[in-house]
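Trainee: The structure that follows is given in the form of structure tokens.
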Amino acid sequence: MKALGLNEIRKAFLDFYADHGHYVTSSYSLIPHDDKSLLLVNAGMQPLKKFFTGAETPPRNRMATCQKCIRTGDIENVGVTARHATFFEMLGNFSFGDYFKEESLKMGWEFLTKVLELPEERLWPSVYEEDDEAYALWRDVIGVPESRIVRLGKEDNFWEIGTGPCGPCSEIYFDRGEELGCGSEDCKPGCDCDRFLEVWNHVFTQYDRDENGVYHELEKKNIDTGMGLERIACVLQGVDTIFEVDTIRDIRDAVIALSGVDYGKDRKTDISVRVITDHVKAVVFMIADGIMPNNEGRGYVLRRLLRRASRHAKMLGMTGTPLTELVDAVVASYGENYETLKERMKYIKRVVENEEERFQATIDQGLTILNDYVEDLKKEGKTVLGGESAFKLYDTYGFPIELTDEIVQENGFSVDEASFKILMLEQKERARKARGDDDALGWDADAIAELPPEVRSTFIGYGALKAEATVTALVSDHILDEAYEGMELALILDETPFYAEGGGQIGDTGRIFGDGFEAKVIETRKGVGNRIVHYVQMTKGTVKVGDRATAEVDVKRRMATARNHSATHLLHRALRDALGTHVAQAGSYVTPDRLRFDFSHFEPVDAETLHKIEADVNEAVLAALPIHSEEMSIEAAKEKGAMALFGEKYGDKVRVVEMGDYSMELCGGTHLTNTAQVGLFKIIAESGVAAGVRRIEAVTGESVYKLLTQLDGKVHVLSDMLKASPADVEQKAEALLVSYKQIQRENEALKRELASASMDDIVSKMREVGGYQVITAKFEGTDLATLRDLGDRLKDKWPNAVVVLANAGEGKVEFLAMASEGAVKAGAHAGNLLKTVSKIAGGGGGGRPNMAQAGGKLPEKVDEALQKVYDLLA
């Protein structure tokens, strides 16, 4: 066997399949693209689903990838067993109607035995018990003795999920040696012992299962294989656990060095070391792919991993922000093969550090409270921690329910998760993420999917806004041959200048017309099979499939959209210049009226920096930079230095948009030909949309003119109101503000004088109650500052003074209570006093023993409330 490192195995696999005609691509993002059924990519084939279903055309009919994956279903076993991990990489080769069983198995065998040099006698294939074809291929073509070919049942060697595509599979096992076996003469793959390790699964998708459970042979058969990179590395490196594999071992050793623990001497310590090792690796890759910690979806998965690792770090006695320091070890192990880790290392560290600091602020108190809960359960003889207690830990101290459950289980108890979930729902009605279709149209998706595969669409709208074309399909809730005036339907052309919504850009509108018919295009979107679908309303005549037509885009609307789209590229560059290279696009939406641009950044952008960003964009606009778009290979684009949008996946051919020497990005949208066509760029809002994600909204061109016109109108209205010229509005408003503040000060002084004038009257109403000198008084239309001033003077007149003052207004009342030092020593408590008094007036409040404030909604109850003061003190 070749002694190869994990990174070397990855390269060897991808190079091998590239040499065998496969399109090799880097790993897709951990964030599923256009798949709302998953939070995170958890299998090598998941990003390729649309190629298997025919919804999209693959760049080539044979592909190979090394895909990043995250699985948390068995998180409690991570660090406990030898092979469980949350983050792993899956090697895979795929065929979309190209080669099938024979070529897949032959290439797999060649890679294992010739490239990795695994001994043939230690490799055991398994096949589905009814798959005689695969059995014969292993025996007769590849030459594996029948004694090492194992037939297994459906549970082990048949892949299916309900109805739809499915098929048998063939797994290749590695014999780790008799010493790890069960001793049985019949020990072979399928046995429950540790001797045979499955390293590679080849799935043969050859059937379509219907609702009656009948299997129909597929016309185009597919191949989907998966080999865990860490698992095959264990075999080649002769180690028993993934935590001994070279790249992972380096991270583990960094954890040991930072914690100062002795690894291998204590089981609990070793588990904590491995948990931190695994989780910090997963965290780094997730953040690098644009995921931010929060309380929903994939962000919650990230937060859960971070906080679980933080807790184990604390168990090892680690202080400060150890996970942040460990980011370096992950980047050192994987950065050469995943360049994004190196490029975004500072950003990743900031996210991890911020999350660590937030959790550390509450973890000690939370753990103390949780330990108290556990002790209470022991004393009371109970076995289940109530949902209210778990919710308090989550809501107040940031403990994910899974972390609470894990700690409680370590002590032999469980959590009432059902009542916890009810409390979560009561606190916040969570917005359920849509589970519907993605960019494809929903109402006609099924019918469009039934169209023949030859019904395709070619986009020609980069260079043309009007074109002749042929109507190839008409679809409503079913496929039509013709459509009449008044109908709404989907219309497909063989080629079209209409841009379909995608990449954050809204689709085109316009009209499609021909001999005796006309249709208004309401929107253009991508349909099943990568078709461009025009959603139209027939305004005249009849159109039939096969008719020739003229497709005409609304030019003014397209140009307005292009202004905003080109401006987002300029904005992206200006943001990176002003804020730093950690800034990456996190989303955008471009319409004719405005643009919205989301980007990664930790804090609000201050007004001065926003002004600079806006000025930089306008400088690029006024520089009249030429905009040039060119199609090229992804490799050529990367060599050229084009910026790819993070999380996006690109095909073999990409479109590079250059704006002078200022901006160069990969983009499939429509753009201007010169930055001067943007006209002007104006930021209208900056806000936060998620943890670590900011949003800028802006307008360009005609929309800026409209905005300036509106503002100019408001200035003239104000100038009329202030009886000043537009040029003098600011000066006049400032003078009025100064005058207003002066009047306000005079008014407050007058209120204090009036209150002081009634001082003698108030003092005369002092009553001795329970050893206290008690003063109460009611005012109308005064303020708390005046009451505080008066209260201070009153409480200083007697040694055990208790003063309660009320200010009644329209629909509300304010209370102020003060107690002198002597009164407090004697037992008076202003805060507790007001808690009861304010309730009578329909309110609440409280405060310190010597001073408190409260409010109420029932001014008519003030007299009754003040009378209560005497009753309480008595």
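Trainee: Excluding residues fewer than 8 places away in the same chain, name every one of the aspartates and glutamates whose C-alpha is closer than 14 Å to that of LYS50.
Mentor: Partners within reach: ASP34, ASP35, ASP224, ASP437, ASP438, ASP439.
Trainee: Here's a follow-up. Averaging sequence separations of C-alpha pairs under 8 Å and six or more residues apart, then dividing by the length of the stretch 484-636, give the relative contact order as a whole percent. Could you put the intermediate results ahead of the total?
Mentor: Working: 242 pairs, mean separation 30.7, N = 153.
Relative contact order for the stretch 484-636 comes out at 20 percent.
Trainee: Give me the percent of accessible area attributable to carbon and sulfur for the chain, probe 1.4 angstrom. It would help to have the intermediate numbers written out before the result.
Mentor: Working: 19430 of 40830 Å².
Carbon and sulfur together cover 48 percent of it.
Trainee: Can I ask one more? Sort 275-282, 827-834, 485-492 for me by packing, meaning the mean count of neighbouring Cβ atoms within 10 Å per residue, highest on top.
Mentor: On the way: 275-282: 26.9, 827-834: 20.9, 485-492: 18.5.
Descending packing order for the listed peptides: 275-282, 827-834, 485-492.
Trainee: Tell me which label goes with the value of semi-axes √(5λ) of the Cα gyration tensor in Å computed from the coordinates here: (i) 42, 37, 26; (ii) 61, 44, 26; (iii) 55, 34, 23.
Mentor: Identified label for the calculated read-out: (ii).
Trainee: Related question: Among PHE597, MET659, THR709, which residue has its Cα positioned farthest towards the positive end of the charge dipole of the stretch 591-729, with +1 placed on the Cβ of Lys and Arg, -1 on the Cβ of Asp and Glu, and the dipole taken about the Cα centre?
Mentor: Projecting each Cα onto the dipole axis, the largest value belongs to THR709.
Trainee: Further, regarding this structure: Counting other Cβ atoms within 10 Å, keep those with at most 16, restrict to DSSP loop, and tell me which GluC sites (Glu not before Pro) in the stretch 757-860 are left. Before the final figure, lay out the partial values.
Mentor: On the way: sites: GLU768, GLU780, GLU810, GLU814, GLU821, GLU860; in loops: GLU810.
When the GluC sites (Glu not before Pro) of the stretch 757-860 are filtered for loop state and at most 16 Cβ neighbours within 10 Å, GLU810 remain.
Trainee: With helices defined as uninterrupted DSSP H runs, which ones in the chain have an alpha carbon span along their own long axis of at least 24 Å and mean Kyte-Doolittle hydropathy of at least -1.0? Working shown, then result.
Mentor: Numbers: long enough: 267-288 (32 Å, 0.62); 297-315 (28 Å, -0.84); 345-380 (49 Å, -0.85); 555-579 (35 Å, -0.60); 701-722 (32 Å, 0.19); 729-757 (42 Å, -0.62).
Membrane-span-like by this rule: 267-288, 297-315, 345-380, 555-579, 701-722, 729-757.
Trainee: How big is the charge dipole of the stretch 732-874 about its Cα centre, in debye rounded to the nearest 20, if each Lys and Arg gets +1 on its Cβ and each Asp and Glu gets -1 on its Cβ?
Mentor: Values: 20 positive and 19 negative charges, 78 e Å.
So the dipole magnitude of the stretch 732-874 works out to roughly 380 debye.
Trainee: Under a point-charge model restricted to the Cβ atoms of Lys and Arg (+1) and Asp and Glu (-1), what is the dipole moment magnitude of the stretch 466-565 relative to its Cα centre, in debye to the nearest 20?
Mentor: Details: 13 positive and 16 negative charges, 103 e Å.
About 500 debye.
Trainee: Work from the charge dipole of the stretch 218-260 (Cβ charges, +1 for Lys and Arg, -1 for Asp and Glu, about the Cα centre) and give the residue of ALA254, GLN237, MET227 farthest towards its positive end.
Mentor: With unit charges placed on the Cβ atoms, the residue in question is MET227.
Trainee: Of the listed pairs LYS556/LYS706; LYS812/LYS835; LYS154/LYS188; LYS466/LYS706, which have alpha-carbon separations greater than 20 Å here?
Mentor: Numbers: LYS556/LYS706 16 Å; LYS812/LYS835 16 Å; LYS154/LYS188 17 Å; LYS466/LYS706 29 Å.
Listed pairs above 20 Å: LYS466/LYS706.
Trainee: In the stretch 277-338, which GluC sites (Glu not before Pro) are in a loop and have at most 16 other Cβ atoms within 10 Å, using DSSP for the loop call?
Mentor: Working: sites: GLU296, GLU325, GLU336; in loops: GLU296, GLU336.
Here the sparse-neighbourhood loop sites are GLU296, GLU336.
Trainee: Further question: Need the full-extension length gain, ASP477 to GLU730, defined as separation in residues times 0.36 nm minus the C-alpha distance. One decimal, nm. Don't skip to the answer; put the middle values down first.
Mentor: On the way: separation 253, 0.36 × 253 = 91.08 nm, distance 6.07 nm.
Contour length minus Cα-Cα distance gives 85.0 nm.
Trainee: Along the charge dipole of the chain, which of ALA841, ASN201, VAL555 sits closest to the positive end, that is, farthest toward it, with unit charges on the beta carbon of Lys, Arg, Asp and Glu (+1, +1, -1, -1)?
Mentor: ALA841
Trainee: Here is a follow-up. Among all the lysines, which ones have a C-alpha under 19 Å from LYS268's C-alpha, if same-chain residues fewer than 8 places away are not counted?
Mentor: Partners within reach: LYS314.
Trainee: Right, here's the next one. Just the accessible area per residue of the chain, please: how many Å² with a 1.4 Å probe? Mind showing how you got there, number by number?
Mentor: Working: 40830 Å² over 874 residues.
With all protein chains present, the chain gives 47 Å² per residue.
Trainee: Right, here's the next one. Report the relative contact order of the chain, percent, no decimals, based on alpha-carbon pairs under 8 angstrom and at least 6 residues apart. Don't skip to the answer; put the middle values down first.
Mentor: On the way: 1646 pairs, mean separation 55.5, N = 874.
Relative contact order of the chain: 6 percent.
Trainee: Peptides 527-537, 64-74: what's the order by average Cβ count within 10 Å, highest mean first? Provide the component values of the computation, followed by the final result.
Mentor: Numbers: 527-537: 22.9, 64-74: 20.1.
By packing density, highest mean first, the sequence is 527-537, 64-74.
Trainee: A further question follows. Please give the contour-minus-distance gain from ARG139 to HIS611: 0.36 nm per residue of separation, less the Cα-Cα distance, rounded to one decimal in nm.
Mentor: 162.7 nm
Trainee: What share of the DSSP beta bridges in the chain is antiparallel, in percent to the nearest 5? Spell out each step's value before the answer.
Mentor: Numbers: 128 of 149 bridges.
Here the share of antiparallel DSSP bridges comes out near 85 percent.
Trainee: In the structure displayed, which of LYS11/LYS342; LYS281/LYS349; LYS36/LYS349; LYS221/LYS638 lie more than 24 Å apart, Cα to Cα? Write down the numbers at each step before the final one.
Mentor: Values: LYS11/LYS342 19 Å; LYS281/LYS349 12 Å; LYS36/LYS349 28 Å; LYS221/LYS638 34 Å.
Where the Cα-Cα span goes over 24 Å, the pairs concerned are LYS36/LYS349; LYS221/LYS638.
Trainee: In the chain, which Cys residues have no partner Cys with a Cβ closer than 4.7 Å?
Mentor: CYS66, CYS69, CYS166, CYS169, CYS187, CYS191, CYS234, CYS667
Trainee: Counting alpha carbon pairs within less than 8 Å and at least 6 residues apart, what relative contact order, in whole percent, applies to the stretch 657-708?
Mentor: Details: 50 pairs, mean separation 14.0, N = 52.
For the stretch 657-708, the relative contact order is 27 percent.
Trainee: Okay, helix-only estimate at 222 nm for the chain: each DSSP H run of n ≥ 4 adds -39500 (n - 2.57), divide by all residues, round to 500 deg cm²/dmol; what do you get? Kindly include the intermediate steps, with their values, before the conclusion.
Mentor: On the way: 26 runs with 337 residues, N = 874.
Estimated from H runs of four or more residues: -12000 deg cm²/dmol.
The values are calculated or read from the model by the stated rules, or taken from the named source; none is laboratory data. In this text the structure is predicted, and so the values were computed from the model without any measurement. Reconstructed Cβ throughout: ideal geometry from the backbone, glycine too, with neighbour counts over all protein chains shown. Heads up: the accessible areas ignore ligands, DNA and RNA and are worked out on the full protein's heavy atoms, side chains in. Shrake-Rupley method; radii C 1.70, N 1.55, O 1.52, S 1.80 Å.
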